[in-house]
């Protein structure tokens, strides 16, 4: 029906490109693995600094959130296609995870969080 989809009406064109902003919170991608003594979470956070990442634990839930800092070099940029937006992920701790042993490290755009397991909860019980 439309030969050129870019020439058809779009509501964003009426508001002006400088005033239209997409305010949305994305889900932070994560890989989860387990070793014999810990749980490992790898969050994909390319371009974020340590100051832009918040990690907290509340009632057995790990909350990881990114909030990009306001950039001061917007006037110098001719074109910007890199998008840094707020991302959030909440993960409930497994029953045998120790919330007092959370370790985090940021390397190459990957935030690695390790949570040690409680050895007392992992023991098997023999049936008599």
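No lab work stands behind these numbers, since they all come straight from the coordinates. Just so it is clear, the model here is predicted, and its values are computed rather than measured. Using ideal geometry, Cβ is built from the backbone for each residue, glycine included, and neighbour counts are taken over all protein chains shown.
Things worth noting here:
- As a proxy for reagent exposure, 77, 87 were ordered by neighbouring Cβ count within 10 angstrom, fewest first; the result is 77, 87.
- Three-way shape call for the range 22-119 based on the alpha-carbon gyration tensor, with the a/c threshold at 1.5: prolate
- Between residue 65 and residue 81, residue separation times 0.36 nm minus the direct Cα-Cα distance comes to 3.6 nm.
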